[in-house]
Amino acid sequence: QVQLVESGGGLVQPGGSLRLSCAASRSSFFINMGWYRQAPEKQRELVAAITNTGITTYADSVKGRFTISGEVVKNTVFLQMNNLSPEDTAVYYCSAHTLLPSITYWGRGTQVTVSS
């Protein structure tokens with residue numbers, strides 16, 4: 001069973017920065033990895049994703065502020081979050097997807113709180 005381990009969450013003031021990290025517990029052939037978030041009483045939403053060829057995708061709300069990086073083939077992904085606002089407060093989940101079989105793995109989540 002593959003486990004995704006996240007780190008880097010915490011409390012930060014508005015305008016601050018945080019960097020999230022995610023790594024798989026064992027080598028796996030992922031075709032993409034990404035970050036989702038879920039705020040209280042809201043649905044989980046995609047924040048950013050990266051494919052094994054380096055193609056990135058971002059939610060409109062984070063474009064220009066967040067940067068996803070890493071090497072999917074090495075099963076690691078990072079999320080650099082700059083100019084954070086209270087609206088970014090949520091639990092952030094790492095995800096990774098394999099093609100054959102089609103399976104999406106999830107991390108346990110890391111809390112990000114933006115507050116003064």
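The values are calculated or read from the model by the stated rules, or taken from the named source; none is laboratory data. All of these numbers come straight from a predicted model, not from anything done at the bench. Methodologically, a virtual Cβ is constructed for each residue, glycine included, from the backbone with ideal geometry; neighbour enumeration extends over all protein chains shown. Side chains are part of the model used for accessible areas, which takes the heavy atoms of the whole protein and leaves out ligands, DNA and RNA. Shrake-Rupley method; radii C 1.70, N 1.55, O 1.52, S 1.80 Å.
Things to note:
- Search result, residues across the range 90-109 that are out of contact with any Leu (no Cβ under 9 Å at 6 or more places or on another chain), in contact (Cβ under 8 Å) with a residue 40 or more places away in the chain and over 15 Å from Ser7 (Cβ atoms): Ala90, His97, Thr98, Leu99
- Residue within the range 35-53 that is open to solvent by 70 Å² or more (accessible area, probe 1.4 Å), of a type in the set (A, V, I, L, M, F, W, C), free of Cβ contacts under 8 Å to residues at least 60 places away in the same chain and farther than 17 Å from Ser17 by Cα present: no
- Within the range 4-34, the residues that satisfy the criterion of being open to solvent by less than 60 Å² (accessible area, probe 1.4 Å), of a type outside the set (Gly, Ala, Ser) and closer than 17 Å to Val77 by Cβ are Leu4, Glu6, Leu18, Leu20, Cys22, Phe30, Ile31, Asn32, Met33.
- For the range 73-99, the set of residues classified as hydrophobic (A, V, I, L, M, F, W, C) and over 9 Å from the mean Cα position of the chain (by Cα) consists of Val73, Met81, Leu84, Ala90, Val91, Ala96, Leu99, listed by residue number.
- Complete set of residues in the range 96-114 that are within 24 Å of Ser17 (Cα to Cα) and open to solvent by 60 Å² or more (accessible area, probe 1.4 Å): Trp106, Arg108, Gln111
- Qualifying residue in the range 73-87 (condition: on the phi > 0 side of the Ramachandran plot and either in contact with a Phe, Trp or Tyr (Cβ under 7 Å, 6 or more places away or on another chain) or open to solvent by less than 40 Å² (accessible area, probe 1.4 Å) (or both)): yes
- Qualifying residue in the range 68-87 (condition: small (Gly, Ala, Ser), more than 19 Å from Leu18 (Cα to Cα) and free of Cβ contacts under 8 Å to residues at least 60 places away in the same chain): no
- Matching residues, the range 1-55, being part of a strand (DSSP E or B) and of a type in the set (Lys, Arg): Arg19, Arg37
- Test: residue in the range 3-11 that is over 15 Å from the mean Cα position of the chain (by Cα) and closer than 12 Å to Asp88 by Cα: yes
- Put simply, of Gly70, Gly64 the only residue that is on the phi > 0 side of the Ramachandran plot and at pLDDT below 95 is Gly70.
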